[in-house]
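First up is the structure itself, then whatever we jot down about it.
We did not get these values from a lab; they are worked out from the coordinates using the rules stated. Since this is a predicted model, take the numbers as computed values, not measurements. With ideal geometry, Cβ positions are generated from the backbone for all residues, glycine too; neighbour counts draw on all protein chains shown.
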Amino acid sequence: MKKLPRSFYLRPTLTVAKELLGKHIVTKASGHSMIGRIVEVEAYLGGKDPASHAYRGKTRRNEVMFLEGGHLYVYFTYGMHYCANVVTEEEGIGHAVLLRAVEPVEGVEAMTRNRNAGNRGKNPVGITNGPAKLCQAMGIGRSENGTDLAGDKIFITEGIDIPRSLIRSSPRIGVSKGVRHPWRFYINNNAWVSR
DNA sequence: TAGTTGATCGTCT
DNA sequence: GACGATCAACTAA
């Protein structure tokens, strides 16, 4: 399937966020190729957005957010979790889209194995229906921070078309600031959306 | 089923 | 020194 061009990411963040729904993210870890269909995202608009890591400008932690659109920003939080974002817009802007949930398309066994390492594994939906879960399942961690999605390690391809009528929005989850903004987008009635 | 809490540590104040 | 763009286990009802 066709890899998304750089130009896809260099557009307004809210547009990119909505259009990422239905796309396929491809990763390779320990020889296994894994593909997940993006079904839930959240937009973080940098300096305009108190909930964004980039709100107060560039720091060592968030510097990847200020790269050109099409890079992967992975951050570590709560002492044990990684979350992945797709950087958008031009270099120096600091906007990104958080991947909150994916639906496994290929490599389900590998993802399940990644998730079960050390813990449980009962309901299949629980394997990638959260930002930290999908990172663990798809092998995304600190060393993937800053990865260029135009490369071959991790990239996003055309997936399936999602009719506008199936796209829903709501306030973002887990944030204490900027709650009024309905910048979480997800596919209606998709079983893999979180919660 | 809803609400609470422990785990665990890098980052910024 | 406080606090997360979280998760899963636990408790109460």
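In debye, nearest 20, what is the charge dipole magnitude of chain A about its Cα centre with +1 on Lys and Arg Cβ and -1 on Asp and Glu Cβ, if you could check?
Working: 28 positive and 17 negative charges, 134 e Å.
Computed about the Cα centre, the dipole is about 640 debye.
Here A:Lys23, A:Lys18 are placed in order of increasing Cβ neighbour count within 10 Å, fewest first, which gives A:Lys18, A:Lys23. Relative contact order of the stretch A:105-181: 17 percent, from C-alpha pairs under 8 Å at least 6 residues apart in sequence.
Multiplying the residue separation of A:Glu91 and A:Leu166 by 0.36 nm and removing their Cα-Cα distance gives an extension gain of 23.8 nm.
Summary value for the stretch A:34-77: 19 percent relative contact order, contacts being C-alpha pairs under 8 angstrom separated by 6+ residues. Over chain A, what relative contact order in percent results from Cα pairs under 8 Å that are six or more residues apart? Relative contact order, chain A: 28 percent. The residues A:Val26, A:Val108, A:Val97, when put in order of fewest to most other Cβ atoms within 10 Å, stand as A:Val108, A:Val26, A:Val97.
Determine the alpha carbon to alpha carbon distance for each of A:Lys3/A:Lys28; A:Lys28/A:Lys58; A:Lys18/A:Lys177 and list only those over 25 Å.
On the way: A:Lys3/A:Lys28 15 Å; A:Lys28/A:Lys58 30 Å; A:Lys18/A:Lys177 22 Å.
As for pairs spanning more than 25 Å Cα to Cα, those are A:Lys28/A:Lys58.
Distant-in-sequence amide contacts of A:Ala101, defined by a placed amide H-H separation under 5 Å and a gap of 5 or more residues or a different chain, comprise A:Val39, A:Glu40. Modelled label positions at A:Ile173 and A:His32, each set 7 Å beyond Cα in the direction of Cβ, lie 2.3 nm from each other.
Can you put A:Val102, A:Val175 in order of Cβ neighbours within 10 angstrom, beginning with the fewest? Mind showing how you got there, number by number?
Working: A:Val102 28, A:Val175 17.
In order of increasing Cβ crowding within 10 Å: A:Val175, A:Val102.
Per-residue ellipticity at 222 nm from helix content only, as computed over chain A with -39500 (n - 2.57) for each DSSP H run of at least four residues, stands at -4000 deg cm²/dmol.
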